[in-house]
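Okay, structure first, notes after.
The values are calculated or read from the model by the stated rules, or taken from the named source; none is laboratory data. None of the values given here were measured: they were computed from a predicted structure. Cβ coordinates were reconstructed from backbone atoms using ideal geometry, including for glycine residues, and neighbour counts include every protein chain displayed.
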Amino acid sequence: MTALLLFLTLFILLLLGFPVAFTLAGVSIIFGLFTFGLELFNLLPLRIYGTMSNYVLISVPLFVYMGVMLEKSGIAERLLNTMTMLFGGLRGGLALSVVIVGTLLAASTGVVGATVVTMGLLSLPAMLARGYSPYLATGTIAAAGTLGQVIPPSVILVLLGSVMNISVGDLFVSAVVPSLLLVVGYVIYIVVIAALKPEVAPAIPAKERAAFRAEGFYGRLFRAFVLPMILVVAVLGAIFAGIASPTEAAGVGAFMATLLTAYEGKLSLKVLREVMAETTHLTVMVFIILIGATAFGLVFRGVGGDHDLVQLIEHTQLSPYAFLAFVMIGIFIAGFFIDFIEIIFIFMPVIVPIFARYQIDLLWVGILVCMNLQTSFLTPPFGFSLFYLKGVAPPQITTQHLYRGIVPFIIIQLLVLLVIALYPELATWLPKALR
């Protein structure tokens, strides 16, 4: 009953809007004092120190820095403009270019907020001016900008690897095929909707495309693609080839992002200060929540919550896959209301031991959870990508446009999630092949 009361108190306070990090820590300390007494203050610092000394978690601020620095470099703007003219002759070509650029930026940065805002500022006005449906335009930008949640290097995968105690490098490799399936799903939807309803996704006029190609087109094409690809190959290539750990590759990525920004002539003391401030803000947010989650995990196990939960699952006689389905539905619903970081740090430490007891492949579970968590950025009413996009959208774009526009992409994502659930080898064969 104490474990249940702890969980319910925490969940109710989060739904009421109390700050996540302080609610996690505060509720846990209050319950911990009743459970452990003053001994709690001897146990908790040891747990926090063990978390803070986790070598893998050093990659979090480095990947965040890399993403924020690339946002300032102007590479995203050039890449989007070039891709727009490259695919502009096709119906839906501008939407296709947004998806492809979102994929490349996700593989370069992994910072969702920066990607959604950048593409919203650059492409949404252009899509609306060229006659695109507001629903298709907003849905495409929000979905493509959120690909950074699942395409490595992803902060979600780093945090999942740490919490689930599995290799972050293996998670990165495992995410390649599922994320490509997701991108293909988006592309197929855009091609089909543009063919069935040409008026919602018209082609760019030939005269405009010809003007863009008139002088130095191939040089711009080379420059737009080569710079981000160098970064992708340096970071992911080093991890996949076993040359560097994710943390070491993140350091290389952060350094190269700084060099690329300097090469573009955008590096200055002001930019460096802004990047460091934003990196510090995002990193502190993640780690404060992590400290609160550590306190929660300590108290939850101290009152026997993990043991009680395992016994409850065993008494219900759920099959392993029925339990997996139950967890996936729970995470999907929780994503409507709370952020992916809270879901990882609150739910995963509780359910991972049960998956281990069922002898389910934790690598496969990690990919399923990651793709499921991506929906927390897209699902109304609290999808963060929708908030980011609404903040930079023109006045004529309403919340209804955002909510209706994102529905087809959520359906695509759920279908891909189902495919990965039915065919686990899609997520697990590549790490085995590279070993």
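Of all residues in region 123-180, how many are of a type in the set (Phe, Trp, Tyr) and under 20 Å from VAL235 (Cα atoms)? Break it down stepwise before answering.
We begin by selecting, within region 123-180, every residue of a type in the set (Phe, Trp, Tyr); these are 132, 135, 172.
If we keep only those that are under 20 Å from VAL235 (Cα atoms) too, we end up with 172.
Of the residues in that region, 1 qualify.
Would you be able to say whether some residue in region 159-180 is charged (D, E, K, R) and either closer than 29 Å to LEU128 by Cβ or not in a helix (DSSP H, G or I) (or both)?
Within region 159-180, the subset charged (D, E, K, R) is 170.
After this cut, where a residue has to be either closer than 29 Å to LEU128 by Cβ or not in a helix (DSSP H, G or I) (or both) as well, the list is none.
There is no residue in region 159-180 that is charged (D, E, K, R) and either closer than 29 Å to LEU128 by Cβ or not in a helix (DSSP H, G or I) (or both).
Please count how many residues of region 259-281 are crowded, with 20+ Cβ neighbours inside 10 Å and under 23 Å from PHE172 (Cβ atoms).
First pass over region 259-281, keeping only residues crowded, with 20+ Cβ neighbours inside 10 Å: 260-261, 275, 278-279.
Then drop every residue that is not under 23 Å from PHE172 (Cβ atoms), which leaves 260, 279.
Number satisfying all stated conditions: 2.
From the list ALA126, ALA143, pick out the single residue that is surrounded by fewer than 24 Cβ atoms within 10 Å (Cβ to Cβ) and in a helix (DSSP H, G or I). Spell out how you get there, then give the answer.
On the way: ALA143 fails: surrounded by fewer than 24 Cβ atoms within 10 Å (Cβ to Cβ).
Unique residue meeting the criteria: ALA126.
For region 50-77, give me each residue that is at pLDDT below 75, surrounded by fewer than 19 Cβ atoms within 10 Å (Cβ to Cβ) and assigned to a helix (DSSP H, G or I).
GLY50, THR51, MET52, TYR55, VAL56, GLU77 - these are the residues of region 50-77 that are at pLDDT below 75, surrounded by fewer than 19 Cβ atoms within 10 Å (Cβ to Cβ) and assigned to a helix (DSSP H, G or I).
Take region 184-201 and flag every residue that is farther than 14 Å from GLN413 by Cβ, touching a residue at least 12 places away in the same chain (Cβ under 8 Å) and within 30 Å of the chain's Cα centre (by Cα).
Once the filter is applied, which keeps residues that are farther than 14 Å from GLN413 by Cβ, touching a residue at least 12 places away in the same chain (Cβ under 8 Å) and within 30 Å of the chain's Cα centre (by Cα), region 184-201 yields ILE190, VAL191, ILE193, ALA194, VAL200, ALA201.
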